[in-house]
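The values are calculated or read from the model by the stated rules, or taken from the named source; none is laboratory data. None of these values were measured; they are calculated from a predicted model. Cβ coordinates were reconstructed from backbone atoms using ideal geometry, including for glycine residues, and neighbour counts include every protein chain displayed. Accessible surface areas use protein heavy atoms only, side chains included; no ligands, DNA or RNA. Shrake-Rupley method; radii C 1.70, N 1.55, O 1.52, S 1.80 Å.
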Amino acid sequence: GQIQSLRSLSLEDNFLSGPVPSELGKLQNLRSISLGNNELSGTISTEFGQLQSIYQISLRDNPLSGTIPSELGTLQLLDTIILHDNNLSGSIPTELGNLQNLREITLHGNNLNSSIPTELGKLQNLEKIDFFDSNLFGPIPSELGQIQSLRSLSLEDNFLSGPVPSELGKLQNLEGISLNNNQLCGIIPTELGQIPSLIVLQLQGNFITGTLPTELDDIPVVVFTLSTSDIADFFCSNDNFCPSVDGKRYFCNFDDGVDVGGSCEECVGSTEDCLFQGLPPGGINNCFEVCDPTKFCSDPCNISPEQRQTDTINLLETVSDPILLATINTPQNKAFTFLLDDDDVVVCPQDDNVLQIYILAVLFFSMNGPTSSLSLSWLVTANECDWVGLECADDVVTTITIDSRDLTGTIPSELGKLQN
């Protein structure tokens with residue numbers, strides 16, 4: 001950090017380990033730092049906010065942890081941020097919206113647990129946004145439609161919800177939109193057909209309804225697999241979801257004895273039709289209720305995925321340190337992920353037992369339960385009172401007996417917050 005004349009530092013594709021020295025922040029003339037594809041650990045120092053001459057920061061493919069420093073938002077010359085495939089957590093700093101010279105930001109393959117800042121819409125020179133597989137949630141900001149220079153938008157494999165913003169149709173230079181494997185809903189905006197440069201549109205793996213707009217017929221490559229083949233067997237998917245086909249909506253009939261959860265049947269328009277389908281007019285399996293467009297975008301908890309995640313975090317922070325919840329691979333983070341992502345065990349923030357299940361899950365992961373015999377009987381059903389070694393009274397755990405199970409690790413403090 002004492003070579004003040006240094007302008008470029010590139011040590012990529014080696015086997016370097018240890019932390020990234022904070023002293024590198026003292027290199028006032030440094031324009032490019034590239035340390036990608038090593039085994040560097042620790043956090044990204046806030047001292048990097050002093051690199052006022054920097055144009056490029058690349059720390060990709062390392063096991064770096066912690067958050068993205070908000071101080072990077074002061075680097076007015078910065079045009080490239082490449083931090084993909086690390087273990088970064090926390091939010092995407094809103095301060096990055098101040099980087100008027102930024103052309104590329106690549107963050108995929110992290111555990112950010114963040115929404116997409118609306119402030120990114122101010123970056124008029126931005127050409128590439130690469131945030132796929134980053135544990136992002138919430139809506140796609142309509143403000144992204146203001147970035148006229150944008151050429152590539154990659155947001156696939158996240159938990160984004162809500163509609164596809166019609167404002168994206170204003171991006172005249174956009175060549176690729178990848179939104180597949182999220183929780184997006186609604187129809188495909190016809191405005192996307194107004195993008196003359198658009199080559200690729202990926203939307204599969206969402207809750208998109210309706211048909212492909214004719215305005216998109218001239219796009220050379222469209223990956224959009226919401227077709228009859230998706231429900232060829234008319235069986236519900238693991239998340240009890242049936243795609244719409246040719247503009248028609250389908251619901252899961254859970255009363256027909258199909259092992260995968262039910263069969264897909266065309267939506268009906270009245271309570272009488274529900275009764276005709278063999279379902280009572282009320283409750284979670286009510287076909288009229290399932291076909292209600294206002295509930296189509298909700299997850300099994302009947303709230304939006306974004307609201308479910310926010311409400312769950314707020315609740316869990318009453319018993320756990322927020323930092324431990326956000327840090328990847330901690331027992332608390334694993335338990336939180338289990339509550340949100342396990343397809344077989346649906347736990348909603350409004351459930352009476354959610355904290356009890358969470359604390360037991362923290363105990364399970366703290367004692368390395370996945371490598372013990374407990375893995376066969378814990379975290380396998382939504383009724384924790386059925387788990388081996390637990391006794392309940394009125395659905396409240398009163399006894400824990402898990403002797404001789406080859407458990408290791410620690411006893412978490414959260415255990416002391418079990419009620420009764």
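Just wondering, is there one or more residues in the stretch 32-48 that are outside any strand (DSSP E or B) and closer than 24 Å to ARG151 by Cβ? Can you show your working first?
Kept after step one, since they are outside any strand (DSSP E or B), are these residues of the stretch 32-48: 35-38, 42-48.
When the remaining residues are screened for being closer than 24 Å to ARG151 by Cβ, the result is 36.
Looking for residues that are outside any strand (DSSP E or B) and closer than 24 Å to ARG151 by Cβ, one finds at least one in the stretch 32-48, hence yes.
Give the stretch 330-354 a look and list any residue that's part of a helix (DSSP H, G or I), of a type outside the set (D, E, K, R) and open to solvent by 50 Å² or more (accessible area, probe 1.4 Å), or say none. Talk me through it step by step, then tell me what you get.
Going through the stretch 330-354, the residues part of a helix (DSSP H, G or I) turn out to be 331-341, 354.
Next, only the ones that are of a type outside the set (D, E, K, R) stay: 331-333, 335-340, 354.
Passing the criteria: only THR337.
With the condition being within 18 Å of the chain's Cα centre (by Cα), I'd like the strands (runs of 3 or more DSSP E) fully within the stretch 119-218 carrying at least 2 qualifying residues.
Qualifying strands (runs of 3 or more DSSP E): 128-130, 152-154, 159-163, 176-178, 183-186.
Residues of the stretch 49-70 being open to solvent by 70 Å² or more (accessible area, probe 1.4 Å) and part of a helix (DSSP H, G or I), which ones?
Scanning the stretch 49-70 gives a single hit, GLN50.
Give the stretch 117-158 a look and list any residue that's open to solvent by 10 Å² or more (accessible area, probe 1.4 Å), in contact (Cβ under 8 Å) with a residue 40 or more places away in the chain and closer than 19 Å to ILE68 by Cβ, or say none.
ASP130, PHE132, PHE137, SER154
Looking at (1) crowded, with 19+ Cβ neighbours inside 10 Å; (2) touching a helix residue (DSSP H, G or I) at 6+ places or on another chain (Cβ under 8 Å), which is the one condition that is false for LEU112?
(2)
Of all residues being under 15 Å from SER154 (Cα atoms), assigned to a loop (DSSP other than H, G, I, E, B) and in contact with a Ser or Thr (Cβ under 6 Å, 6 or more places away or on another chain) in the stretch 83-107, which is least open to solvent (accessible area, probe 1.4 Å)? Just the residue, please.
Only one residue fits best here, namely LEU107.
Mind checking which residues of the stretch 384-420 are of a type in the set (S, T, N, Q) and loosely packed, with under 12 Cβ neighbours inside 10 Å?
Selection gives THR399, THR401, SER404, THR408, THR410, GLN419, ASN420.
Can you name the residue in the stretch 362-376 that is open to solvent by less than 20 Å² (accessible area, probe 1.4 Å) and in a helix (DSSP H, G or I) and, of all such residues, is modelled with the lowest pLDDT?
Here the answer is LEU374.
Given THR80, THR74, which one is within 26 Å of GLY25 (Cα to Cα), open to solvent by 60 Å² or more (accessible area, probe 1.4 Å) and either touching a residue at least 24 places away in the same chain (Cβ under 8 Å) or in contact with a helix residue (DSSP H, G or I) (Cβ under 8 Å, 6 or more places away or on another chain) (or both)?
Numbers: THR80 fails: open to solvent by 60 Å² or more (accessible area, probe 1.4 Å).
Only one candidate qualifies: THR74.
Please specify each residue of the stretch 299-326 satisfying the condition of being open to solvent by 50 Å² or more (accessible area, probe 1.4 Å), part of a loop (DSSP other than H, G, I, E, B) and at pLDDT 85 or above.
Selection gives GLU317, THR318, ASP321.
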